[in-house]
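This report refers to the structure that appears directly beneath it.
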Amino acid sequence: MKNLIIIDHPLVKRDLTLLRNRKTPSHQFRAILRRTASLMAYEVSRDLRLKEIEIHTPLEKTTGVAVDQQIVLVPILRAGLGLVGGFVEVMPNARVGHIGLFRDEETLKPVDYYFKVPRNLNRALVLLLDPMLATGGSAAAAISFLKERGANTIRLVNLVSAPEGVRIVRKTHPDVVMYTCALDRELNNRGYILPGLGDAGDRMFGTE
Ligand code: PRP
Ligand code: URA
């Protein structure tokens, strides 16, 4: 599907099942989400730019590679925080911004309350992290904020996506490639993804 890459690695599928299970308690949910995030990070960075560097092994000189691209991770608060640990584990030089948004329960429209991102976004690969893409309102708003700050290469990284959200992001930001581990069936009348995994923020922090 245009602009949508499904990460369907067997280990990701196994972890997603654990995350969907309502019996999985918060402490396990956080640990599994972090592990899944590292697996997702491999897929999202598959085409990362590299440069050759010269190094010395204990035996001789040889050439190796270093990452030649700035990476900025931007979790959408709160639930996006659950993906940061797994990403920085494999991208230790990444800088991290934060966008605070929550969905109004009645209107389902995003309400913004915090925005702090590193400078020079225009030179970076910006990975916008949020486990859930439901109506797409939060992601579309976050992408607009990032573009206003100069970001021009943005990838949206979700764990579970609804078709409705994919359509909105594709329409409002056709330049943004979306990565997800599952394209679920639909939204219910309260804007929750079916089958989904519930409210990701509540499941992470035990605030249900
Ligand atoms: C969740 C989720 C996304 C948003 C998705 O956050 O983490 O940010 O909903 O919904 P949308 O695609 O319809 O905008 P929520 O608003 O529940 O905030 P929280 O993470 O602080 O609980
Ligand atoms: N936000 C969530 O955390 N879960 C959903 O199913 C929809 C929005």
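The values are calculated or read from the model by the stated rules, or taken from the named source; none is laboratory data. Here the structure is a predicted model, which means the values were calculated and not measured. When we count neighbours, we look across all protein chains shown, and the Cβ atoms used for this are built from the backbone with ideal geometry, even at glycine. Surface accessibility is based on the protein's heavy atoms, side chains included, excluding ligands, DNA and RNA. Shrake-Rupley method; radii C 1.70, N 1.55, O 1.52, S 1.80 Å.
Here are some notes:
- Per residue value of the accessible surface for the chain (all protein chains in place, 1.4 Å probe), Å²: 54
- For region 18-48, trypsin sites (Lys or Arg not before Pro) are listed when DSSP marks them as loop and at most 12 other Cβ atoms sit within 10 Å of their Cβ; the list is R22, K23, R46.
- Taking 20 Å as the cut-off, the amide N atoms of region 117-137 that come nearer than this to a point 7 Å along the Cα-to-beta-carbon line of I6 belong to 130-136.
- The apolar share of the surface of region 4-205, taken as the fraction of accessible area on carbon and sulfur atoms (1.4 Å probe, ligands and nucleic acids excluded), comes to 51 percent.
- Over all distinct Cα-Cα pairs of region 117-208, the Kirkwood formula returns a hydrodynamic radius of 13.7 Å.
- Between helix 26-44 and the chain: long-axis angle, C-alpha atoms, 0 to 90°, nearest 10: 50
- Note on region 4-205: lysine pairs with Cα distance below 24 Å, sequence gap of 8 or more or different chains, count 6.
- In degrees, nearest ten, helix 137-148 long axis to first principal axis of the chain (Cα): 40
- Relative contact order of region 4-205, taken over Cα pairs closer than 8 Å and 6 or more residues apart, is 22 percent.
- Once both labels are positioned 7 Å from their Cα atoms along Cα-to-Cβ, the gap between E89 and S144 label points is 3.6 nm.
- The peptide list 192-201, 109-118, put in order of mean Cβ contacts within 10 Å with the highest first, becomes 192-201, 109-118.
- C-alpha long axis of helix 81-90 to longest principal axis of the chain, angle in °: 20
- R167 accessible area, assembled protein chains, probe 1.4 Å, Å²: 140
- Only Lys, Arg (+1) and Asp, Glu (-1) charged, at Cβ; region 111-208 dipole about Cα centre in debye: 460
- Two-site FRET efficiency, R190 against T24, from Cβ-Cβ distance with R₀ of 25 Å, rounded to 0.05: 0.70
- Length added when fully stretched, Y42-L77, from 0.36 nm per residue minus Cα-Cα: 10.4 nm
- Under 11 Å from the Y114 label point (7 Å along Cα→beta-carbon), backbone N, region 61-101: 75-81, 98-101
- The smallest convex shape that holds all Cα atoms of the chain, its convex hull, gives 135 Å³ per residue.
- Among H173, H56, H27: highest mean-square fluctuation, GNM of the chain, C-alpha pairs under 10 Å: H56
- Reference-scaled alpha-carbon Rg (2.2 N^0.38 Å with N residues) for region 61-167: 1.14
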